Amino acid sequence: MLSKAQNKLRLYREFINSSVHDSLRYNIHMPEQSIINLQNVSLTLGQRTILHDISLTINEGEFIAILGPNGAGKSTLLKLLLGLYKPTSGKITVLGKTPKRGNNEIGYAPQHRTLEADLALRARDVVGFGLDGNQWGIALPDKKRETHIEQALDEVDMKHLSDMPVGKLSGGEQQRLLIAQALLTHPKILLLDEPLSNLDITNAQAVVSLITKIAKNRKMTVLLVTHDVNLLLPVIDRVLYVANTHSAIGKSEDVITSEGLSKLYNSPVEVIKTKGRVFVIGEEH
Ligand code: ADP
Ligand code: MG
């Protein structure tokens, strides 16, 4: 049996220890944690080599813009991360595992997803697809399902439009729904394939702000494919450029240069920087 004084001392020691432990935990600079890793990855589809010998690492919490000309393999790269394609050679790990279809830790909004076919559906129904046994979704009990849908609608500022037929929604609002859908399983990684195309500048800006806010709140890693990096420059950590079967990753100012991109494309590309904006001349879109 410990005396009262001994007990007090023990509690005090425990308190000190845990405080020291906490201060160590918070003061030590944690090394960056890799969440996506590609090692010498190549992919051939049919006769064509789409990606060749790609190696890169993306760290937890990063916001990455994926850039490159049409047909370069940007969407294909996302599909590799989702396990929809297997690399012809090389190794991919996502969250420490080889990618496999139907991983709820990855939220995905595919490219060119048009909601026209679902005109009569309400906004909340479309968001619910993320939980209704499609290939990304999981089945949840009704109550939990409703809560998840409400929460996601709220996060993309669409709660007030949740009963609207989706056909009546603007492009920007539809895009928000697709993001809400991708959020439903509380993923750690969000893959967004051209969420800004077909949006005017105001809506695109609003969607960028929204994604940035949600990613921060949920501590998600985001990979976003886009044709125009300018709107994203203030919020991204790095860019991943895909062209000519190769890739380059780094800070935008290091990657998006005339010299760097000409080398990547293996043809002359000119980068013009003006008033904090960047334009790439000579790449086909
Ligand atoms: P991006 O998203 O950069 O525009 P994609 O990843 O969609 O490019 O496509 C890259 C290339 O891979 C394109 O030339 C496309 O035609 C080709 N491709 C995509 N999927 C297949 C497939 N299943 N079989 C053969 N070629 C494919
Ligand atoms: Mg694409």
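When segment 45-73 is filtered for residues that are on the phi < 0 side of the Ramachandran plot, surrounded by fewer than 18 Cβ atoms within 10 Å (Cβ to Cβ) and near ligand 1 (Cβ under 9 Å from one of its atoms), the ones remaining, listed by number, are LEU45, GLN47, ARG48, ASN70. The residue of segment 37-60 that is nearest to ligand 2 (Cβ to nearest atom), among those that are within 28 Å of GLY282 (Cα to Cα) and of a type in the set (D, E, K, R), is ARG48. Note on segment 222-237: residues that are surrounded by 21 or more Cβ atoms within 10 Å (Cβ to Cβ) and within 13 Å of ligand 1 (Cβ to nearest atom) amount to 4. Note on segment 61-84: among residues that are within 14 Å of ligand 2 (Cβ to nearest atom) and in a strand (DSSP E or B), the one that is farthest from LEU184 (Cα to Cα) is LEU67.
Could you tell me whether ALA182 is part of a helix (DSSP H, G or I) and either of a type in the set (Gly, Ala, Ser) or not assigned by TED's automatic domain parsing to the domain that holds PRO165 (or both)? For ALA182, the condition - part of a helix (DSSP H, G or I) and either of a type in the set (Gly, Ala, Ser) or not assigned by TED's automatic domain parsing to the domain that holds PRO165 (or both) - is met.
Taking the listed residues GLY167, GLY128, the one that is at pLDDT below 90, buried (at least 20 other Cβ atoms within 10 Å of the Cβ) and either over 29 Å from LEU240 (Cβ atoms) or not assigned by TED's automatic domain parsing to the domain that holds MET220 (or both) is GLY128, with no other qualifying. Would you check if PRO87 is closer than 24 Å to ARG218 by Cα, part of a loop (DSSP other than H, G, I, E, B) and at pLDDT 95 or above? It is false that PRO87 is closer than 24 Å to ARG218 by Cα, part of a loop (DSSP other than H, G, I, E, B) and at pLDDT 95 or above. For the residues LEU210, LEU196, the requirement of being within 16 Å of ligand 2 (Cβ to nearest atom), free of Cβ contacts under 8 Å to residues at least 60 places away in the same chain and either in contact with a His (Cβ under 6 Å, 6 or more places away or on another chain) or at negative phi (or both) singles out LEU196. For segment 186-199, the count of residues that are in contact with a Ser or Thr (Cβ under 7 Å, 6 or more places away or on another chain), buried (at least 21 other Cβ atoms within 10 Å of the Cβ) and part of a loop (DSSP other than H, G, I, E, B) is nonzero.
The values are calculated or read from the model by the stated rules, or taken from the named source; none is laboratory data. Keep in mind that what you see is a predicted model, and the values were worked out from it rather than measured. Cβ coordinates were reconstructed from backbone atoms using ideal geometry, including for glycine residues, and neighbour counts include every protein chain displayed.
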